Amino acid sequence: MNTKNQLYNYILEIADDSLILGQRLSEWCGHGPILEEDIALTNIALDFIGQANNLYEYAATLSENKITPDQLAFLRVDNDFKNALLVEQPNRDFAYTLARQFYFDAFRKLFFEKLIDSKDEQLSAIAEKSLKETKYHLKHSSEWIIRLGDGTEESHNRIQTAIDFLWKYTNELFEDNQAYTEILDLELGISVSALKSTWLEYVHSILTEATLTIPNSPFSQTGGRKGIHTEHLGYLLAEMQYMQRAFPNSTW
Amino acid sequence: MEKLSIDELEKRFQAKIDADIKIEPNDWMPEAYRKTLIRQISQHAHSEIVGMLPEGNWITRAPSLKRKAVLLAKVQDEAGHGLYLYSAAETLGMDREQSIDDLHSGKAKYSSIFNYPTLTWADMGSIGWLVDGAAIMNQVPLCRCSYGPYARAMVRVCKEESFHQRQGFEIISTLANGTPEQKAMAQESLNRWWWPALMMFGPSDKDSTHSEQSMKWKIKRVSNDDLRQQFVDVTVPQAEMIGLTVPDKDLKWNEERGHYDFGVINWDEFNQVVQGNGPCNFERIEARKKAKENGMWVREAALAFAEKRKNKIDIKIKEI
Amino acid sequence: MSTKEWPLWEVFIRSKQGLSHKHVGSLRAADSEMAIENARDVYTRRLEGVSIWVVESKLIAASDPKDSDAFFEPAEDKIYRHPTFYDVPDGISHM
C-alpha cells in the first residue's frame, strides 16, 4: 500500500468513528430526558456529523476513484467501516449513552491534541477545528458522569453498570494499527497507544470524583478497526443507508 | 394607593392594548386574558415539541450527510422554540412540568397536523414547505401580539424559522426535478399533506369559538380564513413552478376576487383528529410520555447532586 | 409521577464585546454549570453571543408595576438631566 492509500484509510477510520457516533446520538433527538438536554445531545450529534463530512471530503480527494462523501457514508458495507466497536454500541439509556460518550470524548480530545501536529496540513486543520468541539463534549460528558455517579442511588447504579459494561470496548481505541506504519513514520498520523496512560489517569480522576468504582476487567473486545464489528452495526447501517440503497443514483 | 374597581382596571387594560402598549408579566391583566394566553402559548409550545417527532422519524434515514445535518438542526430548532414558548408561559405562572402533564393527559392540545404520519422522505419536504409555510403565516402576526414575552419569543422563532420552509421547499423541488420515482414520491406526499396543511389555520371564522375576543386583545391579529386564503394564494404558484399538482379539483384562480377559490375542507376529519382519532395521536403522546418517564431518574439525579454540592457546584474537571 | 422540577434560570447574553448583557429568556437546569451550558446550546446556536450570565429566577427582585407611577413618573419633569435642556451659544463646539 502506498502512503496516499494508507492516509486515505487512516482518515476514513477517524471519519467512521465520528459518523457512527453522530448517528447514534441523533437517535436521541426528540426523546431526551429534558428539553435542554435534548438540544445539547443534538448539538453534539451535529458536531460529529460535521466532522465526518469534513473528513470524508478530504478522503475523497485522496481516492483513486471518483467518490463523494455521501458514497463513503452510505454505500460502503459493514466490514468496510473501520470505526471502533465502542461508538456503534446502542444508546440503551442515558447512562450508557453518556458512559460511551465519556470514554470516547476523553480519547478523542487526546487524539486531536496530538493530531494537530500532523505533517499533513489539512488533517492538522481538521484536528484543530474538531478539538474545540471535542473539549466541549468532554466537559459535558464528564460533568454528567459526576452528576449521575454522585446523584441518587439509582443513577449511581445505572452509570456504574454502563461504565463497567462498556469498559471492554475501550482498549481498542489505543491499539496501533499495523496498516498505518508509514503514516506514523512520516508523522502524518499519531500513535494511539501512547495516549492510553493519560486517558486512564483522566478517566480515573472523573470516576473517583463521581464516587464510582474504576473497572479493572482485563477482558477486551476488538475488531472494529479491521472491519469485524458487533451485531449492532449492521442494523445501524441498514437504517442509515436505506434511502441510498433503495433509490440508487439519485440526487437528494 | 387608590383601589381601582375591576371595571376600571379592565378599561385601562384595554386602553393600553388599543394604544399598542405591550403587556408585561407583572402588569394587571384580566383573568380571561391570562387564561387564553396560557392556553394558546402552551398549545403552541406543545406543537413545537410534538412536531419534533414526525420529522425526527427520518433523521436516522436522511439520504445524505447534508440532509441529515439540516434536518437535525431543524428539529433541534423546534425543541428550542418549544423551550422559548414554555418560558413565555412560565411568565404567566404556568409551570412547564404542569403544562407537559396537561399535554400527556390529553387536557392540552397541540396542532393536529403532527398526528399525520411521515411515510416517505418526501414528507420532510412537504412538512417544511407546507406545514412550516402555514406556521410562519400564523406566527408572523404574533410577533406583534399584545403580550410582551410571547411577542419576543415569536420574534426569535420567526427569525430562526425562515430557513425551515426553504429547506423543505429545496427537498421537494429536488425530488420534483429528480427521477420519475422521486417525482412520484413528491406528488404522493403533496397529496397527503395539502388538506391537513389547510386545516392548520383552524376552523372557519364563523365556527371559531375564541377568535373575536382574541382579536380584541391582540393575541390574535389576522383571522383564520384570511390566513388560509393567503397560504393558498402563495403556495399554489410554487407547486405549479416545480410541476406538482395540488390535489383539489375545485382550485381555480378567481379574477374578480384576486384570489384562488378552493374546495371544501373536510372538517369531520379535522374534528376527528383533534379529538384524538388521527393516525398517530396515540404514538405521538406515547413517545413524549416515554421520554419523560425514561428521563425521570436523570432529572432526579441532577437535582440530588445539586443539593449535595450546594455552594460548591464547581464541578472539578481536571485539565488533561 | 411528577418529580421536583429543576429550577428556572434567567439567561443574559452579551452579543458582542462592548455591549452589555441582555435578557434573552429562561430555561431549566439543576445547577449553574448546567444552566450556562444549556444557555449556550439553547440561546447561542447561531453565534448570538460571546458571554453568558445565568441567574436563578427566584433570586431576581423586581419593581412592582403597580407602583410604576410613583416610581418612574417623577423623572419625567426632570428634563434638566438631559443635555438638550441647555442652551449653548452659537459658535461653541465640542460640547
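Observations
- Any hit, the range A:200-214, residues being away from chain B (no Cβ under 14 Å) and of a type outside the set (Ser, Thr, Tyr): yes
- Contact map, the range C:23-48: first residue on the phi > 0 side of the Ramachandran plot, second residue part of a strand (DSSP E or B) and not aromatic (Phe, Trp, Tyr), Cβ cut-off under 7 Å, separation 6 or more or different chains; pairs are C:Gly25/C:Val11.
- Matching residues in the range A:192-227 - criterion: being in contact (Cβ under 8 Å) with a residue 60 or more places away in the chain, over 20 Å from the mean Cα position of the chain (by Cα) and in a loop (DSSP other than H, G, I, E, B): A:Ala210, A:Thr211, A:Leu212
- Close pairs (7 angstrom Cβ cut-off, 6 or more residues apart or separate chains): over 10 Å from B:Thr60 (Cα atoms) and open to solvent by less than 30 Å² (accessible area, probe 1.4 Å) in the range A:230-247, outside any helix (DSSP H, G or I) and hydrophobic (A, V, I, L, M, F, W, C) anywhere: A:Leu233/A:Phe81; A:Met243/B:Trp121; A:Gln244/A:Leu75
- Once the range B:238-281 is narrowed to residues that are part of a loop (DSSP other than H, G, I, E, B) and open to solvent by less than 30 Å² (accessible area, probe 1.4 Å), the residue that is farthest from B:Leu53 (Cα to Cα) is B:Gly263.
- Filter pass, B:Lys218 being modelled with pLDDT under 95, closer than 26 Å to B:Pro141 by Cβ and part of a loop (DSSP other than H, G, I, E, B): yes
- Those residues of the range B:282-300 which are open to solvent by less than 70 Å² (accessible area, probe 1.4 Å) and free of Cβ contacts under 8 Å to residues at least 12 places away in the same chain, in sequence order: B:Ala291, B:Gly295, B:Met296, B:Trp297, B:Val298, B:Arg299
Here's the yes/no breakdown for (1) within 27 Å of B:Ile172 (Cβ to Cβ); (2) touching a residue at least 60 places away in the same chain (Cβ under 8 Å); (3) part of a loop (DSSP other than H, G, I, E, B):
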residue: B:Ala15; (1), (2), (3): no, no, no
residue: B:Ile21; (1), (2), (3): no, no, yes
residue: B:Thr36; (1), (2), (3): no, yes, no
residue: B:Gln40; (1), (2), (3): no, yes, no
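- Scope the range A:63-101; condition among the polar types (S, T, N, Q) and either part of a loop (DSSP other than H, G, I, E, B) or within 13 Å of the chain's Cα centre (by Cα) (or both); matching residues: A:Ser63, A:Asn65, A:Thr68, A:Asn83, A:Gln89, A:Asn91, A:Thr97, A:Gln101
- Which numbered condition A:Asn249 fails, given (1) within 13 Å of chain B (Cβ to nearest Cβ); (2) in a helix (DSSP H, G or I); (3) not basic (Lys, Arg): (2)
- In the range B:61-157, counting only helices (runs of 4 or more DSSP H) that sit wholly within it, the ones holding 1 or more residues that are away from every other protein chain (no Cβ under 14 Å) and crowded, with 22+ Cβ neighbours inside 10 Å span B:122-126, B:132-139.
- Only one of the numbered conditions (1) part of a loop (DSSP other than H, G, I, E, B); (2) free of Cβ contacts under 8 Å to residues at least 24 places away in the same chain; (3) closer than 20 Å to A:Lys226 by Cα is violated by A:Gly151, and that is (3).
- Filtered by the rule that a residue be open to solvent by 10 Å² or more (accessible area, probe 1.4 Å), in a helix (DSSP H, G or I) and in contact (Cβ under 8 Å) with a residue 40 or more places away in the chain, the range A:15-46 gives a lone residue, A:Arg24.
- Candidates A:Lys139, A:Lys196, filtered to the one that is within 14 Å of chain B (Cβ to nearest Cβ), open to solvent by 50 Å² or more (accessible area, probe 1.4 Å), basic (Lys, Arg) and under 26 Å from A:Arg92 (Cα atoms): A:Lys139
- Scanning the range A:155-180 for residues that are open to solvent by 70 Å² or more (accessible area, probe 1.4 Å) and of a type in the set (Ser, Thr, Tyr) gives a single hit, A:Thr161.
- Every condition in (1) open to solvent by less than 20 Å² (accessible area, probe 1.4 Å); (2) in contact with a Pro (Cβ under 8 Å, 6 or more places away or on another chain) holds for B:Asn191 except the one numbered (1).
- Hey, B:Leu190 at pLDDT 95 or above, over 17 Å from B:Glu240 (Cα atoms) and touching a Phe, Trp or Tyr at 6+ places or on another chain (Cβ under 9 Å) or not: no
- Residues of the range A:60-84 satisfying the condition of being more than 25 Å from A:Thr97 (Cα to Cα) and crowded, with 22+ Cβ neighbours inside 10 Å: A:Leu72
- Inspection of the range B:295-314 identifies at least one residue that is of a type outside the set (D, E, K, R), part of a loop (DSSP other than H, G, I, E, B) and within 13 Å of another protein chain (Cβ to nearest Cβ).
- Residues of the range B:224-237 satisfying the condition of being within 24 Å of B:Arg144 (Cα to Cα), open to solvent by 20 Å² or more (accessible area, probe 1.4 Å) and out of contact with any strand residue (DSSP E or B) (no Cβ under 8 Å at 6 or more places or on another chain): B:Asp225, B:Asp226, B:Gln230, B:Val234
- Meets criteria (within 12 Å of chain B (Cβ to nearest Cβ), open to solvent by 30 Å² or more (accessible area, probe 1.4 Å) and not charged (D, E, K, R)) for A:Thr152: yes
- Applying the criterion of being within 14 Å of chain A (Cβ to nearest Cβ) and under 24 Å from B:Gly278 (Cα atoms) to the residues of the range B:164-187, the residue that is most open to solvent (accessible area, probe 1.4 Å) is B:Met185.
The values are calculated or read from the model by the stated rules, or taken from the named source; none is laboratory data. Just so it is clear, the structure is predicted and the values come from calculations on it, not from any experiment. Using ideal geometry, Cβ is built from the backbone for each residue, glycine included, and neighbour counts are taken over all protein chains shown. The area values use the complete protein model at the heavy-atom level, side chains included, leaving out ligands, DNA and RNA. Shrake-Rupley method; radii C 1.70, N 1.55, O 1.52, S 1.80 Å.
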